[in-house]
Amino acid sequence: MRVALWVGVGIGCQAPVQVASPDRTDAPPEVEPPVATSRTTPIYGGTMSVDQQRILVADPGLDRITLTTPDLALVHRFQFEEGAAPFRSHIDGNSAYVVLRGTGQVAKLNLLDFTVTTANVCVEPRGIDTDANGLVVACASGDLVELDRDLVIQRSAQPGPDLRDVVIEGAVVWVSSFRSSEVMRLDRTTLEVEYRALPDLSPTVQSESTGRVAWRMHPHPDGGVLVLHSAQSNRPIELDPGKEEATPAYGGGNVCTGETVSTTHLTWLHEDDIETSAALPFVSPAYDFWVEADGVWVPNLAPPLLGAPLSFTTAAYIPFTFIYPFEGPCLDFAEVDAFEMPMPATSIVRIDGRTVVFRREPSHLSSLDVQIDLGDTYSSNEAFDAFHELTPSGLACATCHPEGQDDGHVWLFEDLGPRRTQNLAGGVMQRAPFHWDGEFTRLDQLMEDVFLGRMGVSEVPDVPALGEWMDRLPPTQPNLGDDEQIYAGQMLFESPALGCADCHRGPQMSDAQRHLVRPGQTVPTKTPSLIAVGARAPYMSDGCAPTLRDRFLDPECGGGDSHGVTSQLQDEELNALIDYLKSL
């Protein structure tokens, strides 16, 4: 069997040239993403659910779900296969439904006899909710899938990419998108999008910021949904690691002045209205929150001042009457009821008037008076802590690299210009030299620049340990569509006539060299890895291409023949090429 593919050759070439694929008698190969030999699991946040009698705790690092009573007495442990990565859950009567991010499944747990049923649903399911009609699951792939209670798929829709949480509210389904923090309202019957909205930061001190990274969404007791998200600055940022100032280049930790480059906010979406709070005085990011009738509980309260990383967790209650409407540049500590918890938390719930928090690595469940160890395979992980802990700048590595990946934001650096956050997952240690300009050949150089010069840390963490930990971060799983279409796109990609594989080659699909790839570019940028590229919009070093299609069609953003020879591709060929890239 031979497949003929039409591609253009040479810049400005008008006549297409026929390129034949190698002889092939079997089915096209299934495209698998490169994966690390062992897995690291960063903080995903929000891995607990409750009813009046039980707490369900998912630990994606241990592939385990623990069922306890409100006083934290152990009831049962559900152990899943390695890499299952249980995440969001929902208790519904004597059953609980849990998404397994790593295997693409939903698990139904019987909370009486502890049996488990699973069903394949989508690529990397993240959010889940139930109502009388069944389950709705939101997936990283962009799929929104409805199932009945026996886990039989009824229908699906694709409201947008990078889906995170789902909340069913009567005739409405609310769905959030992780990195963009967009929230969509859909008709429950048709799953058609009725409304889309982004956080509105214009009334806040962070009016020059963009909403990013929607860590958690809950139903609001007065209707609609409440979203906990970050806001990343669009202001020019001065970078001069050599300067000797008390405040690091990223602006220090005071969220009340508008100087910090990342803050945490709550946005309430109801009907067609949007209300975004002032910056919360918490570490950036905050990974979870809990909603009650009159306000919210958020873990990891931290003073908006420079200081050492926290060694404890503080859970704070903030009344809705203070959040909406708010006055002043930020929420004041005088308005919150705070108490200290014994460890930094990644998830929080309230049950019987008791605040319960969960912490990973080591895996602990804790309230004010009880603490239980949920883990038996790992102890404290210093690299895990170094990646997620607050620094004197008010930031953590996870601020810009949520879940070990990227925030999708384009930062504006003085002297450098716009730079899109680079993704760390899928083998970052194989990508030296580091940064878009490739200025650091070793990880210790990069860490010294970031930790000392930008984040104000007095001592660089253990470089080999943190490097090894980051190198095992799992990439977002690829979308595997039609095999024939993907194979056709692969043949185009590997064709010498297009030239894609000249630079994008090897295990990381990068030659690690610097190139000029667009009109007017004077400073070359390093070839990025293409692992999980389908989940990494926007594209190019300055984020000029919102989608992969824009990357190929916009001549000012590397399209045409300046970045690979693609101007002669027909629509069906471009579709195949894009599908192949999304499969990586």
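Among SER202, SER176, SER180, SER230, which is assigned to a loop (DSSP other than H, G, I, E, B) and either buried (at least 18 other Cβ atoms within 10 Å of the Cβ) or among the acidic types (Asp, Glu) (or both)?
Going through SER202, SER176, SER180, SER230 in turn, just one is assigned to a loop (DSSP other than H, G, I, E, B) and either buried (at least 18 other Cβ atoms within 10 Å of the Cβ) or among the acidic types (Asp, Glu) (or both): SER180.
Does GLY142 fit the bill of being open to solvent by less than 10 Å² (accessible area, probe 1.4 Å), in a loop (DSSP other than H, G, I, E, B) and in contact with a strand residue (DSSP E or B) (Cβ under 9 Å, 6 or more places away or on another chain)?
Taking the combined requirement at face value, the residue satisfies it.
Which numbered condition trips up PRO546, out of (1) more than 25 Å from ALA432 (Cα to Cα); (2) in contact with a Lys or Arg (Cβ under 8 Å, 6 or more places away or on another chain); (3) surrounded by fewer than 20 Cβ atoms within 10 Å (Cβ to Cβ)?
(2)
Just to verify a result, which residue in the stretch 480-502, among those that are buried (at least 19 other Cβ atoms within 10 Å of the Cβ) and within 28 Å of the chain's Cα centre (by Cα), is farthest from GLN568 (Cα to Cα)?
For the stretch 480-502, the residue satisfying everything is ILE486.
Check LEU466, LEU395, LEU473, LEU424 and return the single one that is among the hydrophobic types (A, V, I, L, M, F, W, C), within 15 Å of the chain's Cα centre (by Cα) and open to solvent by less than 10 Å² (accessible area, probe 1.4 Å).
Unique residue meeting the criteria: LEU473.
Do we find that ALA396 is at pLDDT 80 or above and of a type in the set (Gly, Ala, Ser) in this structure?
Yes: the conditions hold for ALA396.
Working carefully through the options THR41, THR66, find the one that is part of a strand (DSSP E or B), of a type in the set (S, T, N, Q) and at pLDDT 90 or above.
Testing whether each residue is part of a strand (DSSP E or B), of a type in the set (S, T, N, Q) and at pLDDT 90 or above leaves just THR66.
Of the residues that sit in the stretch 111-139 and are of a type in the set (A, V, I, L, M, F, W, C) and part of a strand (DSSP E or B), which one is most open to solvent (accessible area, probe 1.4 Å)?
VAL116
Go through (1) at pLDDT 90 or above; (2) touching a Ser or Thr at 6+ places or on another chain (Cβ under 9 Å) one by one and return the number of the condition LEU480 breaks.
Here LEU480 clears every test but (1).
Among the residues of the stretch 520-528, is any among the polar types (S, T, N, Q), surrounded by 18 or more Cβ atoms within 10 Å (Cβ to Cβ) and part of a loop (DSSP other than H, G, I, E, B)?
Yes; the residues of the stretch 520-528 include at least one that is among the polar types (S, T, N, Q), surrounded by 18 or more Cβ atoms within 10 Å (Cβ to Cβ) and part of a loop (DSSP other than H, G, I, E, B).
Identify, please: which residue in the stretch 86-110 is small (Gly, Ala, Ser) and not in a strand (DSSP E or B) and is, among those, farthest from the chain's Cα centre (by Cα)?
Result: GLY93.
For the stretch 475-492, state whether one or more residues are without any contact (Cβ under 8 Å) to a residue 60 or more places away in the chain and part of a loop (DSSP other than H, G, I, E, B).
No: zero hits.
Would you be able to say whether some residue in the stretch 429-440 is free of Cβ contacts under 8 Å to residues at least 40 places away in the same chain, crowded, with 19+ Cβ neighbours inside 10 Å and farther than 30 Å from CYS139 by Cα?
yes
Among ASP113, ASP143, which is more than 22 Å from the chain's Cα centre (by Cα) and charged (D, E, K, R)?
Among ASP113, ASP143, only ASP113 is more than 22 Å from the chain's Cα centre (by Cα) and charged (D, E, K, R).
Scan the stretch 406-417 residue by residue and report those that are open to solvent by less than 30 Å² (accessible area, probe 1.4 Å) and under 22 Å from the mean Cα position of the chain (by Cα).
Within the stretch 406-417, ASP406, ASP407, GLY408, HIS409, TRP411 qualify.
Going by what's in this entry, would ALA308 be described as hydrophobic (A, V, I, L, M, F, W, C), open to solvent by less than 60 Å² (accessible area, probe 1.4 Å) and either at pLDDT below 85 or not in a loop (DSSP other than H, G, I, E, B) (or both)?
no
Keeping to the stretch 493-519, report how many residues are free of Cβ contacts under 8 Å to residues at least 24 places away in the same chain and assigned to a helix (DSSP H, G or I).
3
Restricting attention to the stretch 146-168, and to residues there that are over 14 Å from the mean Cα position of the chain (by Cα) and under 19 Å from ARG196 (Cα atoms), which single residue is most open to solvent (accessible area, probe 1.4 Å)?
So, considering only residues that are over 14 Å from the mean Cα position of the chain (by Cα) and under 19 Å from ARG196 (Cα atoms), the one most open to solvent (accessible area, probe 1.4 Å) is GLN158.
Could you list, in sequence order, the residues of the stretch 552-577 that are among the aliphatic types (A, V, I, L, M), crowded, with 22+ Cβ neighbours inside 10 Å and within 24 Å of GLY481 (Cβ to Cβ)?
Residues satisfying the conditions are LEU569, ALA576, LEU577.
Mind counting the residues in the stretch 72-85 that are of a type in the set (A, V, I, L, M) and part of a strand (DSSP E or B)?
Going through the stretch 72-85 one residue at a time, the tally reaches 2.
Does PHE387 satisfy the condition of being within 26 Å of PRO461 (Cβ to Cβ), in contact with a Cys (Cβ under 6 Å, 6 or more places away or on another chain) and touching a residue at least 40 places away in the same chain (Cβ under 8 Å)?
In short, yes.
Can you tell me which condition ALA537 does not meet? The list is (1) over 18 Å from GLU494 (Cβ atoms); (2) modelled with pLDDT of 90 or more; (3) surrounded by fewer than 19 Cβ atoms within 10 Å (Cβ to Cβ), and all the others hold.
Of everything listed in (1) over 18 Å from GLU494 (Cβ atoms); (2) modelled with pLDDT of 90 or more; (3) surrounded by fewer than 19 Cβ atoms within 10 Å (Cβ to Cβ), ALA537 misses just condition (3).
The values are calculated or read from the model by the stated rules, or taken from the named source; none is laboratory data. What you are looking at is a predicted structure, and each value in this text was computed from that prediction instead of being measured. In this analysis, Cβ positions are derived from the backbone assuming ideal geometry, glycine residues included, and neighbour counts consider all displayed protein chains. The area values use the complete protein model at the heavy-atom level, side chains included, leaving out ligands, DNA and RNA. Shrake-Rupley method; radii C 1.70, N 1.55, O 1.52, S 1.80 Å.
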